[in-house]
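Read through the structure below, which is laid out as structure tokens, and then see the notes.
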Amino acid sequence: MHAGREWNVQPVSEAQALKAYLCPGCGLEVAPGVAHLVAWRADGVLGDAADLAGRRHWHTHCWRLGAR
Ligand SMILES: [Zn+2]
């Protein structure tokens, strides 16, 4: 559970982190080569494909702090 919703969360290792992403938690960049998390909704009404397209990359600590 996160922010009252069900989420699928997968860790992204340093070796897998090849691109920079914008963390929705703090609005700062998740730099390439930094281990982090990718999360997507598990309860989306539009189906799994739409949920996967809406994946977000989070700093691990930002995910733990929680979304707002
Ligand atoms: Zn962050």
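General observations
- Test: residue in segment 49-56 that is under 9 Å from the mean Cα position of the chain (by Cα), in contact (Cβ under 8 Å) with a residue 40 or more places away in the chain and buried (at least 16 other Cβ atoms within 10 Å of the Cβ): no
- Any hit, segment 29-41, residues being away from the ligand (no atom under 16 Å from the Cβ), modelled with pLDDT under 95 and touching a strand residue (DSSP E or B) at 6+ places or on another chain (Cβ under 7 Å): yes
- Listed by position, the strands (runs of 3 or more DSSP E) inside the chain whose residues that are of a type in the set (S, T, N, Q) number at least 2 are 7-12.
The values are calculated or read from the model by the stated rules, or taken from the named source; none is laboratory data. Remember, predicted model here, so these are calculated numbers, not experimental data. Here Cβ is always computed from backbone atoms with ideal geometry, including for glycine, and neighbour counts include all displayed protein chains.
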